[in-house]
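Asks: Starting off with a structure, shown below.
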Amino acid sequence: MKDGYNPQQIEEKWQGIWEEKKLYEVSEDPKRKKFYVLEMFPYPSGRIHMGHVRNYTIGDVIARYKRTRGFNILHPIGWDAFGLPAENAAIQRGVHPAKWTYENISQMKEQLKRLGFSYDWTREIATCDPSYYKWEQMVFTMMFERGLAYKKSSVVNWCPSCETVLANEQVVVSGAVLPEPQFGSGGNKQLAPDGNKEIGKCWRCKSEVQLKEMDGWFFKVTEYTEELLECVEKLKDGWPERVLAMQKNWIGKSTGAEIDFPLEERIDGETILRIFTTRPDTVFGVTFMCIAPEHPLAEKLVKGKEKEEEALRFINRVKKQSDVERVAEGTKKEGVFTGSYCKNPFSGERVPIYITNFVLMEYGTGIIMCVPAHDQRDFEFAKEYGLPIKVVIQPVGAIHESPLHLGSMERAYEEPGVMANSGEFSGLPSEVGKEKVIEYVQSKGFGERKVNYRLRDWGISRQRYWGTPIPIVYCDTCGAVPVPDEELPVELPLDVEFTGKGGSPLAKLESFIKTKCPKCGKDARRETDTMDTFVESSWYFLRYASPDFDEGMFEEEKVKYWLPVDQYIGGIEHAILHLLYSRFYTKVLRDLGMCALDEPFSNLLTQGMVIKDGAKMSKSLGNIVDPDDMIQKFGADTVRVFMLFAAPVQKDLDWSDEGIEGAYRFLNRVWRLVSDVFPQIESLKNTKPDLSQIAEPAKELLIKVHKTIKKVTDDLERFQFNTAIAAIMELLNAVSRFEPHTDDDISVLRESVESIVRLLYPVAPHIGEELWESLGYEETLVDKPWMEWDREIVESAAITVVLQVNGKVRSQVIMDSDSDREEMKQAALSDEKVKNYIAGKEIKKVIVVPRKLVNIVV
């Protein structure tokens, strides 16, 4: 220790010890409670970045801490190894995707090991390994046989110059290539399944990208729509509210009615327009109809009409826009009159029909009734095109006092109210009116109650090479036939040529395409599409339970022990598709009889991004900080401490050179403290000070030690790593100021120093292990039980806080004397007696008198 803190030396030493002793290798133990902690696995892009470091450091601290709490820890790692960047590398660098991928895996693995993460490397997987993707091919065939995998026509990005389908990442929009994901769970990511199609230019030849209709394979996610939605409620105690809201919004359940509006004239055999609405209570206020440009009737409605040419030009232009762009806030609402009319079945009024850019074919029926008085989008469109506006919902109490009228309306009234100008329904509360209108249309036979969803089936076909081959062969006699299980895996051939043109190399490889039909034995051809990489990331967490199992996708008993994942960690960018698809795929496997899981992840933590110079770290912006450089300069423990201390894990982290230097100084101070006091405390190993026998300064320090143990324990349980580290820093300051005079004082000093080392261990494990060894202990901290704070010592400094409501004492609570204003406020609001007095009342203010009382004014 005399030589000072040398992080590189001690980190190499302890990583070697951990590996030699195989401390992180784990197996099932029915006598111990398990804890499965998992970070979203990385795409092997070549080098880790600070986003990786933050994500995996969070997981490692949780894994190490939970292990000291007695849990049997599963903490695995693997590689989301298929994906588009490998093909781009093959084209640009002349390196085969397999070689590029495995070289990157080797390099990134070495980088992750340098950070000291506690992974069980014996469970490492790579999704491009045939022993892995064989099983998802088997599941595909099972889904195909049950109608959960099917083929249909869909729209893709097509470059006419390169003669190939482009991923969204290969389309340049507004001068920028759509970004690759930062890590894992969709390195080959397509955009939304609801038809989001960004149109721009080809990244390679700069030709304008076209939308082209092609056949592709889909998974029937919609079969599980209602269950996916219902299970969101089961996750509310473990998942961030924001993520659950995003999941619910993506599924997009809408309850309302479908209503038939008779056409004024028969159009190609059609006599009605069927619309879907969530506001049937506003049906008397319809003043125009809107139809999606993609709707089969759109062009027929304008045929022979005055604005036919204008309408056709409009239809073609809007079809080239993305759905997201069309419905985005701020996008101008455009339309063209078809020249056709329908009739409102309630009022009998004649209603003009418009083709507009804001109606999507994917939602409802692709036709909507427009009520401009009670829908802001319709209001803006009506104002722009001079269409009538009719008020049919009045605010409660406004009918007789100050009813809405067109002259005073600056925007639509979209809130519930009372139906007005609505025939026999007038005077009904709008919520009641909804039901009455639905009952009426059902009784009369021109409509029905209807539930619609935004969610669409998952298009998994990718017209690219580096992915899992879809196990289907096409026979002129038998049609599409799944490859039998005994012939799986259908291995991705390595002898392909990359030109960047003419589509996937697989489509030109005769040795791969030509095969025999499994049913009739006649000549057949293989499917050349590969699967979306979201498929691999939808079940990898199950494979970790038995990564070498060769008789099935996973060993059921091991999955039963380890799953679900107790703590999943990853970026908010995967809050929708990866998580939704993983949930769907897990339910499919359950229904196939392969596991008993309803949900794969019990708890979810979404960490923020790493920011530098006001923007997310990016090579294109030149604001990258290389983790290797930081490790070489400061050591892995310093990088870990900074990543956890600089910001709460759910918030974005602003990179700071001063901040990482501060973390390095902190670890050096810890090192010097142990080094400086060791001669004094060396002989007092395994001694415990007696609170009743020590002098006041030592007593205060001992109280501080146990308060810190409690604080750090509570913070680690809540993943508040930044405040946990801050508490350790405060304890370090207190210990540094302490001057021992007696043996009892020195005993307190020893306990204080040991506590700092052990509390620091999950965050900075290398320096923790080294200092623990220096203090004379032979066992590692990996399996040493976590410290328990002494309640008697902590409560010896406790205070009684009076809790008042409107100045009257209603309760009291025992609190730490160091509790701050916010902690006192939360304690008051959480008190059961106080909650009874403030239930249903508006809290006007909360007055906190430190160390004395909290008064809640309602």
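Asks: As a test of the definition: which semi-axes, in Å, follow for region 664-798 when you take the square root of five times each eigenvalue of its alpha carbon gyration tensor? Largest first, please.
Replies: One finds semi-axes of 21, 19, 14 Å for region 664-798.
Asks: Going down the table (LYS333/LYS444; LYS236/LYS651; LYS303/LYS332), which pairs top 29 Å between alpha carbons?
Replies: Check vs 29 Å cut-off fails for LYS333/LYS444.
Asks: Nearest 5 percent is fine: what portion of the DSSP beta bridges confined to region 762-858 is antiparallel?
Replies: Rounded to the nearest five, the antiparallel share is 75 percent.
Asks: Residue separation times 0.36 nm, minus the C-alpha to C-alpha distance between TYR150 and THR331: what's the value?
Replies: 61.6 nm
Asks: Another question, then. Of all GluC sites (Glu not before Pro) in region 16-76, which ones are in loop regions per DSSP and have a Cβ with at most 14 other Cβ atoms within 10 Å?
Replies: Filter output for region 16-76: GLU25.
Asks: Before rounding to the nearest 500, sum -39500 (n - 2.57) across all DSSP H runs of length at least 4 in the chain and divide by the residue total; then give [θ] at 222 nm in deg cm²/dmol.
Replies: -11000 deg cm²/dmol
Asks: Further question: Calculate one ³J(HN,Hα) per residue across region 504-515 by plugging θ = phi - 60° into the Karplus curve 6.51 cos²θ - 1.76 cosθ + 1.60, and present them in order as whole Hz with x for glycine and proline.
Replies: For region 504-515, the Karplus-derived couplings read 5, x, 4, 5, 10, 9, 4, 4, 8, 5, 6, 7 Hz, x marking Gly and Pro.
Asks: Once you put a point 7 Å from the Cα of ALA596 and another 7 Å from the Cα of ASP485, both along the Cβ direction, what distance in nm separates them?
Replies: 2.1 nm
Asks: On to the next question. Where does region 428-542 land on Rg(C-alpha)/(2.2 N^0.38 Å)?
Replies: 1.77
Asks: With all protein chains present and a 1.4 Å probe, how do ASP485, ASP816, ASP613 order by accessible area, largest first?
Replies: ASP613, ASP485, ASP816
Asks: Does anyone have the angle between helix 130-145 and the longest principal axis of the chain? Alpha-carbon axes, 0 to 90°, nearest 10?
Replies: Taking the Cα atoms of the chain, the angle to 130-145 is about 40 degrees.
Asks: Rolling a 1.4 Å sphere over the protein heavy atoms, what is the accessible area per residue of the chain, to the nearest Å²?
Replies: 43 Å²
Asks: Of the trypsin sites (Lys or Arg not before Pro) in region 210-291, which ones lie in a loop per DSSP and count no more than 10 other C-beta atoms within 10 Å?
Replies: Taking region 210-291 and a limit of 10 other Cβ atoms within 10 Å, the loop trypsin sites (Lys or Arg not before Pro) found are LYS236.
Asks: If you bin every alpha carbon distance in region 663-711 into 5 Å steps from zero, what whole percent lands in each bin?
Replies: Result, from short to long distances: 5, 16, 14, 25, 27, 10, 3, 1 percent.
Asks: Quote the relative contact order of the chain in percent (integer), defining contacts as alpha-carbon pairs under 8 Å separated by 6+ residues.
Replies: 14 percent
Asks: Ok, one more. Along region 602-617, what does the Karplus equation 6.51 cos²θ - 1.76 cosθ + 1.60 (θ = phi - 60°) give for ³J(HN,Hα), rounded to whole Hz, x for Gly and Pro?
Replies: Computed from phi, the couplings for region 602-617 are 6, 10, 10, 10, 10, 7, x, 7, 9, 10, 9, 6, x, 9, 4, 4 Hz.
Asks: If the cut-off is a Cα-Cα distance under 23 Å, which lysines reach LYS450, setting aside same-chain residues fewer than 8 apart in sequence?
Replies: Partners found: LYS220, LYS248, LYS253, LYS343, LYS434, LYS436.
Asks: Mind computing the radius of gyration and Dmax over the alpha-carbon atoms of the chain? Å is fine for both.
Replies: Cα-based Rg and Dmax for the chain come out at 32.4, 104 Å.
Asks: Determine Rg/Rh for region 584-723; Rg is computed over alpha-carbon atoms and Rh is the Kirkwood hydrodynamic estimate from the same atoms.
Replies: On the Cα set of region 584-723, Rg over Rh gives 1.14.
Asks: Region 310-376 to region 246-279: how many Å between their Cα centroids?
Replies: Using only Cα atoms, the two centres lie 12 Å from each other.
Asks: Between SER154 and residues 5 or more places away or on another chain, which pairs have amide H atoms under 5 Å apart, with H built 1.01 Å from N, and which residues are they?
Replies: MET214, ASP215, GLY216
Asks: If you don't mind, there's one more thing I want to ask. Calculate the radius of gyration of the Cα atoms of region 211-310 to one decimal place, then report Dmax, the largest Cα-Cα distance, as a whole number, both in Å.
Replies: 19.6, 59
Asks: Which of rounded, prolate, oblate describes region 99-166, given a ≥ b ≥ c as roots of the alpha-carbon gyration tensor eigenvalues and a/c under 1.5 marking rounded, otherwise prolate only if a/b is larger than b/c?
Replies: oblate
Asks: Count neighbours as other Cβ atoms within 10 Å of each site's Cβ, and list the GluC sites (Glu not before Pro) in region 759-800 that are DSSP loop with at most 10 such neighbours.
Replies: GLU778, GLU779, GLU788
Asks: If I stretch the segment between SER683 and VAL625 completely, what's the gain in nm (0.36 nm per residue apart, minus their alpha carbon distance), one decimal?
Replies: 16.4 nm
Asks: Follow-up question, since we're still on this one. Pull up the DSSP beta bridges for the chain and report the antiparallel fraction as a percent, rounded to 5.
Replies: Within the chain, antiparallel bridges account for around 75 percent of the total.
Asks: With a 1.4 Å probe and every protein chain left in place, tell me how much accessible area CYS595 has, in Å² to the nearest 10.
Replies: Near enough 10 Å² of accessible area.
Asks: Which whole-number percent of Cα pairs in region 223-276 have a distance greater than 13 Å?
Replies: 69 percent
Asks: I've got another one for you. If the limit is 21 Å between Cα atoms, which of LYS31/LYS560; LYS33/LYS66; LYS711/LYS841 go over it?
Replies: Cα-Cα > 21 Å for LYS711/LYS841; rest within.
Asks: Would you please give the FRET efficiency between ASN836 and SER131, computed as 1/(1 + (r/R0)^6) with r the Cβ-Cβ distance and R0 = 56 Å, to the nearest 0.05?
Replies: 0.40
Asks: Going by a ≥ b ≥ c, the root eigenvalues of the Cα gyration tensor, does region 740-858 fall in the rounded group (a/c under 1.5), the prolate group (a/b larger than b/c) or the oblate group?
Replies: Cα axes put region 740-858 in the prolate bin.
Asks: Cα axis of helix 721-737 to longest principal axis of the chain: angle in degrees, 0 to 90, nearest 10?
Replies: Roughly 20 degrees, rounded to the nearest 10.
Asks: Related question: Figure the gain on full extension for GLU349 and ILE91 (residue separation times 0.36 nm, minus the Cα-Cα span) and round it to one decimal in nm.
Replies: Separation in residues times 0.36 nm, less the Cα-Cα distance, equals 86.7 nm.
Asks: Another one. How much of the calculated P(r) for region 289-420 lies past 26 Å, in percent of all Cα pairs?
Replies: Considering region 289-420, 27 percent of its Cα-Cα pairs are separated by more than 26 Å.
Asks: What are the ³J(HN,Hα) values, in whole Hz, obtained from phi via the Karplus relation 6.51 cos²θ - 1.76 cosθ + 1.60 with θ = phi - 60°, for each residue of region 586-595 in sequence order, with x given for Gly and Pro?
Replies: 4, 5, 5, 4, 4, 6, 7, x, 8, 7
Asks: Using only the alpha carbon atoms of region 531-645, find the Kirkwood hydrodynamic radius as the inverse mean reciprocal pair distance, in angstroms to one decimal.
Replies: Computed over Cα pairs of region 531-645, the Kirkwood hydrodynamic radius comes out at 16.9 Å.
Asks: Please find the FRET efficiency linking LYS33 to CYS520, where r is the Cβ-Cβ separation and R0 is fixed at 56 Å, and quote it to the nearest 0.05.
Replies: With R0 = 56 Å, the Cβ-Cβ based efficiency is 0.55.
Asks: Please list, in chain and number order, the residues 5+ apart from GLU294 or on another chain whose amide H is under 5 Å from its amide H, with Hs placed from the backbone.
Replies: MET361
Asks: Can you give me the % of accessible surface on the chain that is carbon or sulfur? Probe 1.4 Å, all protein chains present, nothing else counted.
Replies: Carbon-and-sulfur percentage of accessible area, whole number: 47.
Asks: Can you list residues from other chains, or at least 5 along the same chain, whose modelled amide H is less than 5 Å from the amide H of TYR36?
Replies: For TYR36, the qualifying residues are LEU74, ASP566, GLN567.
Asks: Calculate how steeply helix 657-681 sits against the longest principal axis of the alpha-carbon atoms of the chain, using the helix alpha-carbon long axis, and give the answer as 0 to 90 degrees to the nearest 10.
Replies: 30 degrees
The values are calculated or read from the model by the stated rules, or taken from the named source; none is laboratory data. From a predicted model like this one, the values you see are computed outputs, not experimental measurements. In this analysis, Cβ positions are derived from the backbone assuming ideal geometry, glycine residues included, and neighbour counts consider all displayed protein chains. Accessible surface is based on the protein model in full, side chains and every heavy atom, while ligands, DNA and RNA are left aside. Shrake-Rupley method; radii C 1.70, N 1.55, O 1.52, S 1.80 Å.
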